[in-house]
Structures are given as C-alpha cells and as structure tokens.
1. Which value in deg cm²/dmol, rounded to the nearest 500, describes the helix-derived mean residue ellipticity at 222 nm for the chain, given -39,500 (n - 2.57) per DSSP H run of n ≥ 4 and division by the residue count?
2. So how far, in whole Å, is the C-alpha centre of the range 85-151 from the one of the range 1-15?
3. Using only Cα atoms, find the angle between the long axis of helix 80-96 and the longest principal axis of the chain, and express it within 0 to 90 degrees, rounded to the nearest 10.
4. Over the chain, calculate the relative contact order: mean separation of alpha carbon pairs under 8 Å at least 6 apart, over the residue count, as a percent.
5. For the range 1-236, what is the accessible area per residue in Å², given a 1.4 Å probe and the full set of protein chains?
6. About the Cα centre, and with charges only on the beta carbon of Lys, Arg (+1) and Asp, Glu (-1), how big is the dipole of the range 248-471? Nearest 20 debye, please.
7. Enumerate the amide H contacts of Ala424 below 5 Å, restricted to partners 5 or more residues apart or on another chain; note that Pro and chain-start residues carry no placed amide H.
8. Contact order normalised by length for the range 99-194, with contacts defined as Cα pairs under 8 Å and 6 or more residues apart; what percent is it?
Amino acid sequence: LRSYLRDESSRLRRLRRFYEKVLVLHQDPEASVDNPLLAFSLIKRLHSDWPNVIYSNEATRNTQALHAGLREVEQELPGTEDLDGAARALMRLQDVYALSVKGLASGVFQRAGHPPLYSPSRRVSLSADDCFHVGKVAYDTGDYYHSIAWLEEAVSLFRRSYGSWNLEDRSSLEDALDHLAFSYFIFPPRAGNISHALSLSREFLRYDPRNQRVSRNVAKYKKLLEMGMGTRVPWSPTTAVPPSHPPWSSLSPQPAPEQLPHLGCSYETNSSPYLLLQPAKKEMVRIQPYVALYHDFITDAEAETIKGLAGPWLQRSVVASGEKQQKAEYRISKSAWLKDTADPVVRALDQRIAAITGLDLRPPYAEYLQVVNYGLGGHYEPHFDHATSMKSPLYRMKSGNRIATVMIYLSAVEAGGSTAFIYANFSVPVVKNAALFWWNLQRNGNGDGDTLHAGCPVLAGDKWVANKWIHEHGQEFRRPCTADPRD
C-alpha cells in the first residue's frame, strides 16, 4: 500500500502539472484558435493526450502492482472464520468481564464502579462499521441480546458522521438501523419492542424512502401496535442479563488468607536428588482440591524454546466428543504436541515434572507435552481434565485415567486468562514461568469434582501454556490408596 501510494502520488503530481499547463494555455479562449500552434496542441490534446490521461497505462500498472501484492499474501490473510471468531471474542470479553459495549467501542476496559481491568498505552476506538460487524455476527446467529447492544453503538456512531464516507466502511447507517429494528422486534421472543422497531424503521425510510421491504415492515409494526402489542417497557442492554452468563465470571469473593489453613510457601525437594541443589519454590494454593503453584519452574529461554518448537505445528484445539475429537466454540485456542525427543529442553522438563510430582512419566504413563496458545479472547469453558466416561479417547492409551495435571505458564498476559476452579470458587492468575499442579483423581480412583476448571478469556496479551497429563497406571506405589475407601 505504501508503494502504491508513492507511485500514485507521483502520477497525480504529473497530472496536476498537465492540468495547470492547460489552464495557462487557454486563459483566453479566443486566442486558442487564432494561434495555429495553440490550435494544433488543443486538437492533439483532445484527440490523444486526454484519452491517455483517462486510460493511463501508469495508473493501470500501479493498480496491477497493488493487486499482485495482495495475491502474494492472500492465502495468509484472515478469513471469514477468523473475523467472525474475533467478533465473538469481543462479545465473550464483554460478558465475562462485565464490560459495557460503549466503553469497549471507545477503548476502555472497565466495568461500572471498578478500576480499569486493562489500560493500554494507546487507546484504540472502534468505528461504526466495526461495531456493526460485531452486531451482525450476533444477529446472523440469532443472538439478539448481543446484536442489540452492538448495533445500538453502531447506529450512534453512524449518526454522528452521517454523510461522510470512509474508504474502509462496508456498512451504513441504513444497514445498522435495519438490523437493529428487527433485533428489537424479535427479542425477547414473542415479546419484542415493536414500538422501538417502528421508530427505527421510520428513521431508515427518511434516508431510503423507496425501500419497499422496510415500508411493509412499518405497516406490519403499526398493525401490531393497533392490536395492543409491543407497549411494554423498552429493553435495555445495560441492565439485562445475557441468556448464557458464563459460570466462572461471577466467582464469590475468596476467604481471607487467615481463614485458609495450611497454606504457605516453601522450598521443596520432594526427596528427589534432582532438587537437592535447587529446590522447587512451592506455593500451596488450596488443600481441597489440592492445587500447588511452583514459581520459576522454567527459564525464559526454555519457555521461548518450547514456543518455538510448537509454533509450526499449532492447529485449532479439539475436545473429546464421545469417542471422537472435534472443534468446539467452548474451547478457542491452538495447540501442538511435543515428544520428549523433540529437544533436550522438553526432556529436561519431563525430568523436572517427575521430580516435583514424584510420579512416573515414562511412556505410556504420561502424555506428550501439549503446548497451547490462546489469542484474542481465547478461552476454555469449565471442564474436567480426567475422563468422566469409559468411552473417552483417553482410555485408548490403556494407561488409565488422568491422575494429575501440570500446567506451565510460558508467557505473561496483561489482563485475563486466569485458571478458575468453579466449584472450589477460586482462580489462579497467569504467573509467567510458573507451573500449576493438581490431582484430578482421588486416591480411590474416582474423579475429584472440585477440579472442574476453566481457562478465562484472555483480555489483553498472548497466553501460552504447556500441559502435562499424567495417567494413573504406573503410579500405584507412588500415590497409593489409603485404608479408607472414601479417600
């Protein structure tokens, strides 16, 4: 684009010089035909020079170069799925962190009455067209709760700049009014705000009075109002509760530290010679479920190595669905698997995990290292790491269920991205280079219901984690059951 603008600017400067030259030559129209030289140059310009300006080979070459540049990178550019996914990510952040659409559109990440969750160094605002696209994604999926909020903001922004045209805009005030009117008409189901839909449709007709479809809608809304429908109090997107409020977005306040016994920090060797010279820095996060955070578990260089190894292999993450695995909207991330033979860093990481957990990680007792990248609004809704059905693909390894999880934070994030334990009512923020450990199974082999957890959406930043899942076979003498079958 920079190259195109430079070449086109040069062409337009030459075109302006040509225009100014013609003006000077023909300041006296009568003299133009009296002088045979001027007459000749006029005839020549009208016959050949002017068409050359209109059908400029240079202009064509510049445009072709711009198109060629696009074709070179077209395969790498975001597609419709990426754009719509980014729009859904904004709606997810809106819900989980209770952010207002008006605030988001103006670049403010703040819930009412609270300090900002994230304060970027440079505030970036969304355009009317941007807001329209988010609202349109919601509208197309029948999500009128979100479409109303985003289309309202789009209409507001379009009204302020009505009459001005932006090169990048694909929508207009009329488009926003049209979609917003229908959203109000149909939401909530069977009790839509018909009077407001009528008002928006009438505003639409002021700009496009010949639109027959909207004219028919106006007649329909009038008839419904005459029948006594649609007179309820207008719905407000700022006070209504979304139909699918994420369960981890409203965790109760955590008890004060003095109310949580046996929690603290310590240097741990776990009776492992591997940790004698450099003990692990262990922070006990919870007793039930057992959750521990090991600080400085890896170095910056090791984290970058792992990210670099996984980068070329990242694919959209899948989840278990019966006996199959498939993509799902409740898990938005990309992941890759690394064998311990991929690099000495991965092998050293396995040794370190075995040392702090005391568990056997030799194949097939543990899975390969899974590296996951959560980008814009990336999240993972509440789930268990262990299988809850014998049909789960986890049992194909023939090494039992997942007894424990080690999650290593390979990067920091500016806001969001915490790991929330839903039933246990606490969350652990992203701590760069730390490793989070918890038991998925009780000692009797049953799943621990308190380990239901979620990866909260990333509000700002790029979250990378590495997961190591350890299975129950091979751990019989390392984590034996007790005499109490309930443990």
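1. Values: 14 runs with 181 residues, N = 487.
Result for the chain, helices only: -12000 deg cm²/dmol.
2. So the two Cα centres are separated by 37 Å.
3. Roughly 60 degrees, rounded to the nearest 10.
4. Numbers: 760 pairs, mean separation 54.8, N = 487.
About 11 percent, as a whole number.
5. Numbers: 15250 Å² over 236 residues.
Ligands and nucleic acids excluded, the result is 65 Å² per residue.
6. Values: 21 positive and 20 negative charges, 133 e Å.
My answer is approximately 640 debye.
7. Hits under the 5 Å cutoff: none.
8. Details: 115 pairs, mean separation 21.4, N = 96.
Rounded, it is 22 percent for the range 99-194.
The values are calculated or read from the model by the stated rules, or taken from the named source; none is laboratory data. No experiment lies behind these values; they were computed from the predicted model shown. Note that each Cβ is placed from the backbone with ideal geometry, even for glycine, and that neighbours are counted across all protein chains shown. When the accessible area is computed, the model is the full protein with side chains, heavy atoms only, and any ligands, DNA or RNA have been set aside. Shrake-Rupley method; radii C 1.70, N 1.55, O 1.52, S 1.80 Å.
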